[in-house]
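The values are calculated or read from the model by the stated rules, or taken from the named source; none is laboratory data. Because the structure is a prediction, the values reported are computed rather than measured. Quick reminder, even Gly has a Cβ in these numbers, built from the backbone with ideal geometry, and neighbours come from all protein chains shown. Please note that ligands, DNA and RNA were not included when accessible areas were found on the heavy atoms of the full protein model with its side chains. Shrake-Rupley method; radii C 1.70, N 1.55, O 1.52, S 1.80 Å.
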Amino acid sequence: PPGWTAAHAIGVVALARLVPAPALLPAALMDCCTLPGTALLRGLEPHPGAGAGAGAMKLAQDDLARCIDGRMRMAQASARIAHRMFRADVAPGCRQTAACARVLLKLHNELAGAKPDVVACVDWYASWMAYVDSKDAGRELCMRCYRMLEGDRVKALQREVWAQLPEMMGVEVDGWGTAPKVY
């Protein structure tokens, strides 16, 4: 919603614990993991219309520990995605397979020198395309391979991680990763 920030996920965690709605926890804790440590500790500041005695909403100690551990697991998963993202398999229908495979290999090999926030990014909403554009400035990748990187490949890799999200965040959610029943 408008005005939403990752800090609002602290409130979602609190609400999910109160209601209880455990299915909200993995994504909410994941968003909490994107907060800088000081913001995570400071908590969610009260709404300006809240009463004078309203204090910041903070995560419970167990959830704070889940975020610390979860942030590390997310960074590890991001590094795995990075290495699988740029494997030399070109897009279906690529007409310049040798050139595109060479660029993909270059993107993969140059991950070693990339900034940590590229390889181990914990912001799942961040795009890989800035990295691709910076390393393939001459646009050697064909459009099919480029679109594969900005769409199908990254989405498939993120779906794999999404399936593991409750485990990464240290929570149990019955039925996570299965399609909901349609009545």
- Note on the structure: Of the residues Met74, Val19, Leu41, the Cα lying farthest along the dipole of the range 15-101 towards its positive end, which is defined by charges on the beta carbon of Lys, Arg, Asp and Glu, belongs to Met74
- Task: Report the extension gain between Gln96 and Arg144 in nm, rounded to one decimal, defined as 0.36 nm multiplied by the number of residues separating them, less their alpha carbon distance.
- Result: 16.3 nm
- Query: Considering only the other residues whose Cβ falls under 15 Å of the Cβ of Leu40, what net charge follows from Lys and Arg at +1 and Asp and Glu at -1?
  - Reply: -2
- Message: If you count only protein heavy atoms with a 1.4 Å probe, what accessible area per residue comes out for the range 92-163, rounded to a whole Å²?
- Response: 59 Å²
- Task: Normalising by the residue count of the range 38-126, find the relative contact order in percent from Cα pairs under 8 Å and 6+ residues apart.
- Result: 27 percent
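Could you state, as a whole-number percent, how many of the C-alpha pairs of the range 94-183 are farther apart than 15 Å?
Numbers: 2736 of 4005 pairs.
Distances greater than 15 Å cover 68 percent of the Cα pairs.
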- Query: By how many nm would the segment from Asp152 to Ile68 lengthen if fully extended, with 0.36 nm per residue of separation less the alpha-carbon distance?
  - Reply: 27.2 nm
- Task: Compute the separation of the alpha-carbon centres of the range 55-72 and the range 98-124 and state it in Å as a whole number.
- Result: 30 Å
- Message: Sequence gap at least 6, Cα distance under 8 Å: using those rules, report the relative contact order of the range 82-183 to the nearest whole percent.
- Response: 30 percent
- Query: Can you give the relative contact order of the chain as a percent, counting alpha carbon pairs under 8 Å and 6+ residues apart?
  - Reply: 23 percent
- On the full set of protein chains, 1.4 Å probe, figure out the accessible area of Cys121 and give it in Å² to the nearest 10. 30 Å²
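Where the only charges are on Cβ atoms (+1 Lys, Arg; -1 Asp, Glu), what is the dipole of the chain about its Cα centre, to the nearest 20 debye?
Details: 21 positive and 18 negative charges, 114 e Å.
Charge dipole, the chain, about its Cα centre: 540 debye, nearest 20.
What FRET efficiency do you get for Glu110 and Arg159 if R0 is 30 Å and r is their Cβ-Cβ distance, rounded to the nearest 0.05? List each step's numbers first, then the result.
Values: r = 26 Å, r/R0 = 0.85.
The calculated FRET efficiency here is 0.70.
For Lys58, what charge total do you get from the other residues with a beta carbon under 13 Å from its beta carbon, if Lys and Arg give +1 and Asp and Glu give -1? Before the final figure, lay out each step's value.
On the way: positive: Arg17, Arg42; negative: Glu45, Asp62, Asp63.
Neighbour charge sum, excluding Lys58 itself: -1.
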- Note on the structure: Two pseudo-spin positions, 7 Å from Cα along C-beta at Thr5 and at Ala39, lie apart in nanometres by 0.6 nm
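Applying a 10 Å radius around every beta-carbon, put 157-168, 6-17 in order of their mean neighbour count, most first. If you can, show how the numbers build up before the last one.
Details: 157-168: 16.2, 6-17: 19.5.
Per-residue mean Cβ counts within 10 Å order the peptides as 6-17, 157-168.
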